[in-house]
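First comes the structure, then the notes that go with it.
Nothing in this text is a laboratory measurement; each read-out follows from the coordinates by a stated rule. Because the structure is a prediction, the values reported are computed rather than measured. Cβ atoms come from the backbone with ideal geometry, glycine included; neighbour counts cover every protein chain shown.
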Amino acid sequence: MNTGDAMDAVGLTNVRKVYGKRDNEVVALDGVTTQFRRGTFTAIMGPSGSGKSTLMQCAAGLDQPTSGSVLLEGHEISELDETELTKLRRDRIGFVFQSFNLLPVLTVRQNVTLPLRLAGRPPSRSRVSTVLDQVGLAQRSNHRPSELSGGQQQRVAIARALISEPAVLFADEPTGALDTRTAQDILSLLRHSAQTAHQTIVMVTHDPVAASYADRVLFLADGRLAGALHAPTAESVAERMTHLGAFADDRALPLPRLEKTRGGQHR
């Protein structure tokens with residue numbers, strides 16, 4: 001096992017992902033090398049078809065790269081068999097997607113604790129209560145998904161991802177279908193997880209405002225890294241995306257929904 005840099009939760013080296021063959025070949029990732037440090041919050045952005053979701057899926061061990069190396073929590077994923085990879089994802093990785101993927105017949109509490117039960121790990125009552133309180137659902141624990149708003153369902157999905165205390169949490173457009181206030185709460189929670197629980201957050205988004213909550217933004221174009229932005233603001237991200245051709249013209253730029261204070265906090 002190659003442990004790589006102990007400060008890196010995830011490391012990609014010259015990762016290439018190709019779909020199809022010969023005349024139908026599509027290069028989704030073309031030699032990407034990057035690292036995600038422990039306890040950091042990174043947003044991944046780029047024009048449509050730039051390889052954002054493919055990068056996240058390879059980094060999370062959901063898809064195998066055609067070539068190159070992916071170190072996930074010190075494990076070279078190409079050296080793991082399916083059982084070992086499943087166990088690694090179950091124990092050390094959390095996932096949050098725009099589609100909540102909740103089971104409608106289960107309550108909030110049952111949906112949140114499902115990963116632990118499937119892993120044969122009895123959930124701690126205190127741990128479940130802490131996580132539900134953290135996402136603001138302590139009073140909704142016995143409700144079913146159909147009784148919740150979209151924002152509340154996304155909170156359940158995040159609580160389910162956090163319940164096993166993952167080292168890395170991958171989020172694919174987690175606020176894409178949410179209203180402004182709920183999106184702000186979700187993004188603040190993700191940032192809080194990185195800052196206080198020292199979890200590594202990797203988020204794919206198309207929204208400059210969402211990206212401004214991250215410590216760093218990675219930009220992709222045509223399957224290649226096209227730069228990075230540290231301590232991003234919504235305006236600086238939108239400007240960089242315009243240069244990448246993500247927006248047709250200035251009229252298509254998403255306007256910032258939130259303001260930042262001098263201290264860097266949203267209000």
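Assorted remarks:
- Contour excess over end-to-end distance, with Cα ends at residue 236 and residue 117 and 0.36 nm allotted per residue: 38.5 nm
- Per-pair calculated FRET efficiency, R0 = 45 Å: residue 192 and residue 83 via Cβ, rounded to 0.05: 0.85
- In Hz, Karplus ³J(HN,Hα) per residue of the stretch 7-23 (6.51, -1.76, 1.60; θ = phi - 60°; x = Gly, Pro): 7, 8, 7, 9, x, 10, 10, 6, 7, 10, 10, 10, 10, x, 9, 6, 5
- Kirkwood estimate for the stretch 123-249, i.e. one over the average of 1/r between Cα atoms, Å: 15.9
- Of 59, 211, 231, the one that fluctuates the most in a GNM where the chain has Cα springs shorter than 10 Å: 231
- Labels on offer are (1) 7, 29, 35, 23, 6, 0; (2) 6, 28, 31, 19, 12, 4, 0; (3) 6, 27, 32, 17, 5, 4, 4, 3, 1, 0, and the one holding P(r) over Cα pairs in 10 Å bins from 0, in percent computed from this structure is (1).
- Geometric descriptor of the stretch 22-173, per residue, is 149 Å³ (volume of the convex hull of the Cα atoms).
- Amide proton proximity set for residue 30, modelled H, under 5 Å, gap of 5+: 17, 224
- Between residue 110 and residue 25, the modelled labels are 5.0 nm apart [label points 7 Å from Cα along Cα→Cβ].
- Taking all Cα pairs closer than 8 Å and separated by 6 or more residues, the relative contact order of the stretch 8-252 comes to 27 percent.
- Selected from 200, 83, 33 as most flexible by GNM, with the chain as the system and alpha-carbon contacts under 10 Å: 83
- Between 222, 81, 207, the residue with the greatest mean-square fluctuation in the GNM of the chain (Cα pairs under 10 Å linked by springs) is 81.
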